[in-house]
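A short write-up of the structure that comes next.
The values are calculated or read from the model by the stated rules, or taken from the named source; none is laboratory data. On a predicted model such as this, the values are computed, not experimentally measured, just so you know. Neighbour counts run over all protein chains shown; Cβ positions are idealised from the backbone, glycine included. For the accessible areas, the whole protein counts, side chains as well, though only heavy atoms, and no ligand, DNA or RNA atoms are used. Shrake-Rupley method; radii C 1.70, N 1.55, O 1.52, S 1.80 Å.
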Amino acid sequence: MKKIIALVLFATTLVSCQFSETMTINEDGSGRMAIQMDLGEMMAFSGEFSPDSTMVKQDTIISFKDMFEEKKDSIAKLPAKEQERLKKMENYKVHMDIDPESKKMLMEVFVDFKNVEEANDLFKGLDQVEGVMPGSSSSDASDDDPMEVKEDILGVRFSYNDGVFKRDAYIIDETEHQKQIDSMKQAAAFMSEMKYKVKYTFPKKIKKSSAEDAMFSLDGKTVTLERSFFEYFKNPDVLDLEIELEK
């Protein structure tokens, strides 16, 4: 999350980017969860889509398992705890959809899960894909190994049991969290335009939602909730959600 926040701070000095978190849960509890960042405006503003740019149109899916295989020698040198954390992310994938002509750049990290708890490290996955973004390199971020798992600032726990879904965001590192808030205050005016939206689809109609301002689809199976990214980062509880489905 530290790398993503650094990216966000850079983006807000130029133009806003948007975050979307989507999930679909099937009857058996399996499904797909994804986090998408729309970086098109930011890349266009920075000149990455100019006629002189080497960026090319692509629509590619890269598996984390393949990424980790390429870095297996570096990963083998990491502490066992960090290797175990990466192991849990092997089923994650990153989707890069880039079209310089239409000034489109979407980056999506997703996972097809058997149990929604398998998506608990999805935010860590955003950090791992930094090295595959166009124009990025490990040296741009730090001198550390790009596969090294660092402590995050925010975390999210997902659960789905007996027709009840829960999204619980929490602060991992209070000290670092406050430092990032202080840094982000300088760009508060820009960040007010940045949104973080969650959109979840369930196999049955929604009976009850903990968010009073949530929006629902006509069939009652999809819930959408949106918050300011800055407000979400300051207080991750604003996107906490508990959904109870009809029997």
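Tabulated data
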quantity	calculated
Selection status of Glu193, in contact with a helix residue (DSSP H, G or I) (Cβ under 9 Å, 6 or more places away or on another chain) and open to solvent by 50 Å² or more (accessible area, probe 1.4 Å)	yes
Lone qualifier among Ser159, Ser136 - being open to solvent by 10 Å² or more (accessible area, probe 1.4 Å), modelled with pLDDT under 80 and either among the hydroxyl-bearing types (Ser, Thr, Tyr) or not in a loop (DSSP other than H, G, I, E, B) (or both)	Ser136
Residue in segment 197-204 that is open to solvent by 50 Å² or more (accessible area, probe 1.4 Å), modelled with pLDDT of 90 or more, in contact with a strand residue (DSSP E or B) (Cβ under 6 Å, 6 or more places away or on another chain) and not in a strand (DSSP E or B) present	yes
Segment 97-122, residues that are under 29 Å from Gly163 (Cα atoms) and either open to solvent by 50 Å² or more (accessible area, probe 1.4 Å) or not aliphatic (A, V, I, L, M) (or both)	Glu108, Phe110, Asp112, Phe113, Lys114, Asn115, Glu117, Glu118, Asn120, Asp121
Residue that is least open to solvent (accessible area, probe 1.4 Å) [pool: residues in segment 43-67 that are modelled with pLDDT under 70 and in a helix (DSSP H, G or I)]	Met43
Test: residue in segment 77-96 that is of a type in the set (Val, Ile, Thr), open to solvent by less than 10 Å² (accessible area, probe 1.4 Å) and within 25 Å of Ile243 (Cβ to Cβ)	no
Residues satisfying the stated conditions in segment 215-247, i.e. over 26 Å from Ile181 (Cα atoms) and small (Gly, Ala, Ser)	Ser217, Gly220
Matching entry among Glu118, Glu176, Glu82 (being part of a helix (DSSP H, G or I), modelled with pLDDT of 85 or more and more than 17 Å from the chain's Cα centre (by Cα))	Glu176
